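K.L.:
Mind having a look at this structure? Questions to follow.
The values are calculated or read from the model by the stated rules, or taken from the named source; none is laboratory data. As the structure is a computational prediction, the values presented were derived from the model and not from experiment. Cβ atoms come from the backbone with ideal geometry, glycine included; neighbour counts cover every protein chain shown.
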Amino acid sequence: MIEVRRLTRSYGDLKAVDDVSFDIGRSEVVGLLGHNGAGKTTVMKMLTGYLEPDAGAIRIEGLDIRAQRRKVQQRIGYLAENCPLYPEMTVIDYLDYQATLHGVPESERPAAIRAAIERTELAPKADQVIATLSRGYRQRVGVAQAILHQPTVLILDEPTNGLDPSQIQHVRTLIRELTEHATLILSTHILQEVEAVCDRVLIMHAGRLALDSDLAALSNPNRLLVSLEQAPTQAAPMLMALDPVTAVEPLESPDGESPDGRYRYALDTADPAATAPVVARAVSTAGWDLYRLQPEVRDLETLFGAVSRHQEA
């Protein structure tokens, strides 16, 4: 569906995007994350054809964006981060204007505008001037213009910016509905939004792609967390000797000791649920006290911080 190969873009001496490659399948919902200045917005602008890459290739639905830019753009709906609107226009006039720009046939525009208004719950504000709308309603207008021509690719930069909790929940529901017919790239600083709606995450750092992985695999790593009183020199050899365990990693300071006098380890294993009883029996047989034994669970915030620290190191 979307193929990106060795994408590079510089602004003078600053390399904003550096040799980035990834694929996105049809109807996938992918979160694009990174600190400010990581290169996310530059990648999105190149995907939409608004910015030329210095090097690399982008193909969307088999079309090369350099050679067939207009055909590619007809398939894309884009909500920019600052949600650019014409404040002097009414909502319905603005959407009619956008439908014209998107090439929606005149006979189909009323139905397309009505559907976009209904899906973004803008009906009570349809006749109002955009300048009079709250930030949340302006954001909804931005989402409406992005979806009114029924694009097969949606690129949304901070789509829930300025929305209240009920509106955020509505946008989440709308995103799930849209993925029945569209592939979606979502960029946001709200990591809970990515966890709520995305299948996969791409994390950018300093212009490079630092991580590309399914969220399910990241949230449920094949690791067990173990807490014992035995130091690594004593515990690690015993734990490593267990058949289901493939690696042992002390999780504390270089001397391995935490303030409560216990040592913590992460055990790599193909099946944490099956390995836990094996570890418990081995610890009991050794006559050691077992203070903790549980599968490792990582949320996206923890993972994002770990990736950032690793890249900086």
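K.L.:
Quick one: in region 43-57, of everything that is without any contact (Cβ under 8 Å) to a residue 60 or more places away in the chain and not charged (D, E, K, R), which residue is surrounded by the most Cβ atoms within 10 Å (Cβ to Cβ)?
P.N.:
The extreme case among them is M46.
K.L.:
For region 149-166, which residues satisfy the criterion of being over 21 Å from A115 (Cα atoms) and either outside the structural domain of G77 (by TED's automatic domain parsing) or assigned to a strand (DSSP E or B) (or both)?
P.N.:
Matches in region 149-166: D157 only.
K.L.:
Residues in region 242-260: is at least one outside any loop (DSSP other than H, G, I, E, B), touching a residue at least 24 places away in the same chain (Cβ under 8 Å) and among the aliphatic types (A, V, I, L, M)?
P.N.:
Checked against the condition, which is being outside any loop (DSSP other than H, G, I, E, B), touching a residue at least 24 places away in the same chain (Cβ under 8 Å) and among the aliphatic types (A, V, I, L, M), region 242-260 yields at least one hit.
K.L.:
In region 129-140, is there at least one residue being in a strand (DSSP E or B) and of a type outside the set (S, T, N, Q)?
P.N.:
yes
K.L.:
May I pose another question? From the list T132, T120, which one is without any contact (Cβ under 8 Å) to a residue 40 or more places away in the chain, out of contact with any strand residue (DSSP E or B) (no Cβ under 8 Å at 6 or more places or on another chain) and hydroxyl-bearing (S, T, Y)?
P.N.:
Result of the check over T132, T120: T132.
K.L.:
Further question: Please enumerate the residues belonging to region 194-217 that are in contact with a strand residue (DSSP E or B) (Cβ under 7 Å, 6 or more places away or on another chain) and either assigned to a helix (DSSP H, G or I) or not assigned by TED's automatic domain parsing to the domain that holds A146 (or both).
P.N.:
Of everything in region 194-217, those that are in contact with a strand residue (DSSP E or B) (Cβ under 7 Å, 6 or more places away or on another chain) and either assigned to a helix (DSSP H, G or I) or not assigned by TED's automatic domain parsing to the domain that holds A146 (or both) turn out to be V194, V197, L215.
K.L.:
How do the helices (runs of 4 or more DSSP H) wholly within region 30-111 filter down when requiring 2 or more residues that are at pLDDT 90 or above, of a type in the set (A, V, I, L, M, F, W, C) and over 22 Å from the mean Cα position of the chain (by Cα): which remain?
P.N.:
The qualifying helices (runs of 4 or more DSSP H) are 91-101.
K.L.:
Confirm whether A116 is of a type in the set (A, V, I, L, M, F, W, C) and not in a loop (DSSP other than H, G, I, E, B).
P.N.:
yes
K.L.:
Right, another one. Counting just the residues of region 177-193 that are part of a loop (DSSP other than H, G, I, E, B) and hydroxyl-bearing (S, T, Y), which one comes out surrounded by the fewest Cβ atoms within 10 Å (Cβ to Cβ)?
P.N.:
T179
K.L.:
Looking at region 223-241, which of the residues that are in a loop (DSSP other than H, G, I, E, B) and touching an Asp or Glu at 6+ places or on another chain (Cβ under 8 Å) is farthest from P277 (Cα to Cα)?
P.N.:
Per the criteria, the residue is A231.
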